[in-house]
Ligand code: HAM
């Protein structure tokens, strides 16, 4: 995916806002490799997920190792936390990341094969207040970015109560064996929960009357889910319990949630996440809990733009036009000194005529321009022109003075 300079200002604004917010909630940044052993995703994300079954970009390297471009961040974070012994740090451990991900999906608005995620994970906090705090952080981030999205939550139980729910789902969906899509027929055996996430209109319709997860929760899971709701209520967050949210990755247990935007078309899930107690142990670490989320940055930007949010692109402060080789040398040196003072300064690097230089400066939308020629060099003074209002005044050919003038 190409992101052009006209767009990157908004990207940088979004990324900075998200990182700054995450810091306020006690998160530190983790930077991850772009590819991992394929085995990590098979074990971490799960064999019955669409991501592992159909969407991974996997390849063999020269040493015949099977590697995969990361389709998501959580499995890599868990791997890193175990490998770097972060599990021994004071818990809870809160980490965030900004990554590109790769999934072989059908591209459409808001869905691409390479996309960017901002994600966050918390380890070692099983209390419902942690789930609610994470959702509060997402809500805080989205409202700061002026993105409208509604929160939907569910609990999909744990290892203890899930088998009972699976049994109920199998019984229900078995009645419709002749109508389910071939993938869901397979899911009926391997992971019937995933049928609720099927995109096929017929499976979706059948799924509408399927048993609800929340009716099969064991006591601790029910207590936990009630706790999450109480904390969300205390935080004043609007949410809806949607018992059809099961999420597309296999590692989730208990709380799952999504933030949905009505402003961006069919790919409306801006953010998805949930609890994954058991994953750290599954990947070879101690038995500590985990919860997290990831938001799709393309979708955030789409929602912002559809809401009319824009960020004024930075224009160069000054263009130093020159006539003659000595003047160009002066412009070159002045530009260097001005940049040290934080001023965006441009000068002629292609040997244009003065007229062509001024045309270029205009196209670049510079705030000020200055022409340096022999007489300016002799007097060590030049005329600074404000390109917006046409006003001109004389300044010394000294970086400090020019910087003061263009920053007014
Ligand atoms: P996910 O729901 O697969 O969860 O992806 C999270 C978000 O990434 C989605 O809500 C969406 O905004 C964005 N996204 C996903 N696929 C695409 C795509 N092809 N094009 C554009 N945007 C996309 C995860 O990835 C989990 N790792 C989240 C998580 C973290 N759960 C716990 N911790």
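The values are calculated or read from the model by the stated rules, or taken from the named source; none is laboratory data. Worth saying up front: this structure is predicted, and the values here are computed from it rather than measured. Glycine gets a Cβ as well: all are built from the backbone with ideal geometry, and neighbour counts include every protein chain shown.
For segment 212-246, which positions are in a loop (DSSP other than H, G, I, E, B) and surrounded by fewer than 18 Cβ atoms within 10 Å (Cβ to Cβ)? Let's see the steps before the verdict.
So the first thing to find is which residues in segment 212-246 are in a loop (DSSP other than H, G, I, E, B), and the list is 212, 217-218, 236-238, 242-246.
Passing the criteria: 212, 218, 236, 237, 238, 242, 243, 244.
What number of residues within segment 375-391 satisfy the criterion of being part of a strand (DSSP E or B) and over 18 Å from residue 359 (Cα atoms)?
Final tally of qualifying residues: 2.
Look through 132, 120, 125 and report the one residue that is modelled with pLDDT of 95 or more and within 14 Å of the chain's Cα centre (by Cα).
Result: 120 is the single residue among 132, 120, 125 that is modelled with pLDDT of 95 or more and within 14 Å of the chain's Cα centre (by Cα).
When segment 252-261 is examined, which residues are found to be part of a loop (DSSP other than H, G, I, E, B) and near the ligand (Cβ under 8 Å from one of its atoms)?
Selection gives 252 alone.
Give 356, 303 a once-over and let me know the one that is closer than 30 Å to residue 146 by Cβ and in a helix (DSSP H, G or I). Steps first, answer last, please.
Details: 356 fails: closer than 30 Å to residue 146 by Cβ.
Step by step, each of 356, 303 is checked, and only 303 is closer than 30 Å to residue 146 by Cβ and in a helix (DSSP H, G or I).
When you look at residue 294, is it assigned to a helix (DSSP H, G or I), within 13 Å of the ligand (Cβ to nearest atom) and touching a strand residue (DSSP E or B) at 6+ places or on another chain (Cβ under 8 Å), yes or no?
No; evaluated as a whole, the condition is false for this residue.
May I ask you to verify whether residue 139 is modelled with pLDDT of 95 or more and either near the ligand (Cβ under 10 Å from one of its atoms) or buried (at least 19 other Cβ atoms within 10 Å of the Cβ) (or both)?
So residue 139 passes the test.
Filter segment 107-123 down to the residues that are in contact with a strand residue (DSSP E or B) (Cβ under 6 Å, 6 or more places away or on another chain) and within 6 Å of the ligand (Cβ to nearest atom) and list them by number.
115, 117, 119, 121
Go through (1) in contact with a strand residue (DSSP E or B) (Cβ under 9 Å, 6 or more places away or on another chain); (2) more than 8 Å from the ligand (Cβ to nearest atom) for residue 90 and report which single condition fails.
That leaves (1) as the condition not met.
Do any residues in segment 274-289 that are over 29 Å from residue 242 (Cβ atoms) have Cβ atoms under 8 Å from those of residues that are in a loop (DSSP other than H, G, I, E, B) and within 14 Å of the ligand (Cβ to nearest atom), where the two are at least six apart or on different chains, and which pairs are they?
Sorted first by the residue in segment 274-289, then by its partner, the pairs are 287/278.
Would you say residue 249 is part of a loop (DSSP other than H, G, I, E, B), within 15 Å of the ligand (Cβ to nearest atom) and closer than 30 Å to residue 17 by Cα? Spell out how you get there, then give the answer.
On the way: part of a loop (DSSP other than H, G, I, E, B): yes; within 15 Å of the ligand (Cβ to nearest atom): yes; closer than 30 Å to residue 17 by Cα: yes.
Yes; evaluated as a whole, the condition is true for this residue.
Tell me yes or no: at least one residue of segment 94-106 is out of contact with any helix residue (DSSP H, G or I) (no Cβ under 6 Å at 6 or more places or on another chain), away from the ligand (no atom under 14 Å from the Cβ) and not in a helix (DSSP H, G or I).
no
Residue 48: outside any helix (DSSP H, G or I) and under 20 Å from residue 275 (Cβ atoms), yes or no?
Values: outside any helix (DSSP H, G or I): yes; under 20 Å from residue 275 (Cβ atoms): yes.
For residue 48, the condition - outside any helix (DSSP H, G or I) and under 20 Å from residue 275 (Cβ atoms) - is met.
Taking residue 186 as the residue in question, decide whether it is closer than 22 Å to residue 148 by Cβ and at pLDDT below 95.
no
Can you say whether residue 264 is farther than 30 Å from residue 398 by Cβ, surrounded by 17 or more Cβ atoms within 10 Å (Cβ to Cβ), modelled with pLDDT of 95 or more and within 12 Å of the ligand (Cβ to nearest atom), as far as the supplied structure shows?
no
Limited to segment 187-210, what total is found for residues that are assigned to a loop (DSSP other than H, G, I, E, B) and either buried (at least 16 other Cβ atoms within 10 Å of the Cβ) or at positive phi (or both)?
First pass over segment 187-210, keeping only residues assigned to a loop (DSSP other than H, G, I, E, B): 191, 198-200, 208-210.
Keeping just the survivors that are either buried (at least 16 other Cβ atoms within 10 Å of the Cβ) or at positive phi (or both) gives 191, 198, 200, 210.
Number of matching residues: 4.
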